[in-house]
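S.K.: This is the structure, below, for whatever I ask next.
The values are calculated or read from the model by the stated rules, or taken from the named source; none is laboratory data. Just so it is clear, the model here is predicted, and its values are computed rather than measured. Cβ sites come from the backbone with ideal geometry, for glycine too, and all protein chains shown count toward neighbours. Surface accessibility is based on the protein's heavy atoms, side chains included, excluding ligands, DNA and RNA. Shrake-Rupley method; radii C 1.70, N 1.55, O 1.52, S 1.80 Å.
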Amino acid sequence: MRMCSRQERIQKDVDVVIQRCEVEKECLFSNFRYADTIFTFTYSQGSRRISYSVNVSDDYPDNTFVSNSENADDVSITMDPIPVIFQKIASEMRLNNDATSGCPSFKTPRPQMETNQCHKAPAEDNSDRDNDSEEVCSDGPEEEDSDYGGQEENSDDENQKHPQLEADLKAVRDLKGAHAVSLREYGGFDDMDIDLHIDVRFLDRETAQCWSVSRQEPVTIRLNLSLTQYLDGAVPKVDVFQVSIHKDKFGLGPQIKKIMQTFVTNQWEKRTRASWRATTPAPRRFNFGLETASSDAKSVPNRHRGFLVQAIEYAEQRIRVVNEFCVICDEPHVFQNGPMLRPYVCDAELCIFAFQTLGVMNKVTDAIATGAQVVDLLLSMARAALASNRRDLIFNPYPSVVDPANPEKLALDPKSKNYDRVKKAFDHLPRIQQMTQTAHSEMKKQMDTVDKLSLPLLRWVISSNRSHIAKLATDNQLGFMNTHHQFLLLSSSPAIEAKFRIARRAHGSTFVFHGSNIENWHSIMRKGLVVASNTKYQVNGAAHGVGIYLSPHSSVSFGYSGMHHMGYADQHNANPNDNNNTANNKDGQGLRFLKSRNLKCIAICEVITSPCLRKSGHIWVAPKAQYVCTRFFFVYEDGKMRDPNINTQNKNIYDQILSVVTSRHHATKGAA
């Protein structure tokens, strides 16, 4: 099994020390051993023996403990890598005529604040409605007290730095601030790490949650370069991480790492054809507007301020729009309605194979454990689309699933659709409640015994969802909707949301309902709301013109969802413990999972109230999809509406919706 990058780095540093001693004629040390996070070696001169222990931590080289056998209580804490530690011990041994009995002095990391201390984050312009600052909890030191895992530059300069290095470092600090870059040197070895720290507070809370990014700390781009050759050395190796997030859980890590490795490789290849000196580029348009600016996002910044500024600016612009590009091939997604919110793989077969076979989708149990109700809903939508007589149109996208028995073949292929095989795999899925109570290994074993495509299909349903959908916490649910199946639903990309906010400031906005049969939502979750009027996707006609049909009146949109009004007898005989009655389910739980296949659903959207919005009585039509953004989603298990007269333009109703939309504490549960 391939070691993780931290283990590789430790082993590399250990090997450097051993190799150096092998070529040194009078090496003072022997008996090198690295096991169980401890690197040991022995000073051996005559009859004297001193064993040194270097105990590495999870954030190596930071917080590394050094001790020796002559004075076990003399323990130093350092941020130096193993080669530097070894060099300092060897130097002190020689300086003291081989007579030292203690550890050399190492730099000690500045004291860390206790974890989970709260501090005020700067106010953000994420919404023109909410300009207050938010209180956040940090798992580390406040930003002004942290060097983000970096280290002060080593003053012991055995190797001469490349003359361009200091100028490039200074350029980053002048442009982005002192904490935007840090440098770690490896003592006498021609090796260094340059960390570029990207402030990602430009992401709003929901986008950051959807992308598995912490907004409270920077995304670090680590470049491993030659200290003396710098730009003239080998192509830098790239790593991407956030200190507080485990690498397996840092959603953007692999995609940004691939993007930046491609970037630096291309820059190193260009240097053989042209000088590093800047050339004056033609003015370039950079647009985060409604139209996808894929070519602009990939435009390489001018290098007149140095390579490091060029790299950090490129990283910043790519992080903003990662959802617009395939996570494997980095080509722009092509959708009828532009990019969606969640990063995903394109439909090219090579990318699908790579995505499914390289372990990207193997964390399905985490999604089930933390978002079981959402997974249950996504499966219900997929099943409804598959069962529809319009499935050729609306079971779209069709699953792309690699054959578990033959990784070079698709078992489910959009080019050769087999609906019966998909249905069979769905039918063999256990209930979500059972999955959440079973260990992953046991669940996989059980499912593979019955149908080897069931688990891969489940993974596909979860990972192909490109909207951010999360169960609303009880205190954020809208009681007038009379169901506890209430979800936050965001599908627009950050760029579209930003343009939407600009339009809202100019024209205002309001909240309306959008109803559609549950069979249509499998596609909507992956492609967004689209204008279906006068297309093959149209179902109900376009009597009021082309556009997305909306209504401030629930009765209109409930009708489009296929729901019917409960009669007087139904209401009189309704079960007081009915799952859909939030008044009798104050904890918001009721039955955790969907029990019925007769599901109906409706969304609350925000629409721009520009002159383009056409109103024909209770029916409103937005001519373009970018004028509409989904906000909430509601599911009903019996297909009956209890109150058809909800009007979003009623001040009390509107204020309740607005209070949840503008809340800084959605406290959502289990996103997918």
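S.K.: At what distance in nm do the modelled label points of residue 387 and residue 32 sit from each other, each positioned 7 Å from its Cα along Cα→Cβ?
M.R.: 6.6
S.K.: Would you please put 514-521, 59-66 in order of how densely packed they are, using the mean number of other Cβ atoms within 10 angstrom per residue and starting with the highest? Present the calculation step by step, with values, prior to reporting the outcome.
M.R.: Values: 514-521: 22.6, 59-66: 19.6.
Answer by packing, highest mean first, reads 514-521, 59-66.
S.K.: Also, quick follow-up: Gain in length, residue 347 to residue 205, computed as 0.36 nm per residue apart minus the alpha-carbon separation, to one decimal in nm? Before the final figure, lay out the partial values.
M.R.: On the way: separation 142, 0.36 × 142 = 51.12 nm, distance 2.87 nm.
Going from the current span to full extension adds 48.3 nm.
S.K.: Here's a follow-up. In nm, to one decimal, how far is the residue 48 label point from the residue 268 one, both placed 7 Å along Cα→Cβ?
M.R.: 4.4
S.K.: Rounded to the nearest 0.05, what FRET efficiency do residue 166 and residue 212 give with R0 = 35 Å and r taken as the Cβ-Cβ distance? Could you check?
M.R.: Working: r = 36 Å, r/R0 = 1.02.
For R0 = 35 Å, the calculated efficiency reads 0.45.
S.K.: Please go through the residue pairs 258/409; 270/527; 615/651; 499/651; 417/624; 176/247 and name each one whose alpha carbons sit more than 30 Å apart in this structure. Intermediate values should be presented prior to the final figure.
M.R.: On the way: 258/409 25 Å; 270/527 38 Å; 615/651 19 Å; 499/651 26 Å; 417/624 32 Å; 176/247 26 Å.
Table pairs above 30 Å Cα-Cα are 270/527; 417/624.
S.K.: Compute log10 of I(q)/I(0) for segment 396-470 with the Debye formula, placing one identical point scatterer on every Cα and leaving out solvent, at q = 0.15, 0.23, 0.24, 0.27 Å⁻¹, to two decimals.
M.R.: -0.54, -1.15, -1.21, -1.36
S.K.: Rolling a 1.4 Å sphere over the protein heavy atoms, what is the accessible area per residue of segment 403-510, to the nearest Å²?
M.R.: Values: 4570 Å² over 108 residues.
On a per-residue basis, segment 403-510 sits at 42 Å².
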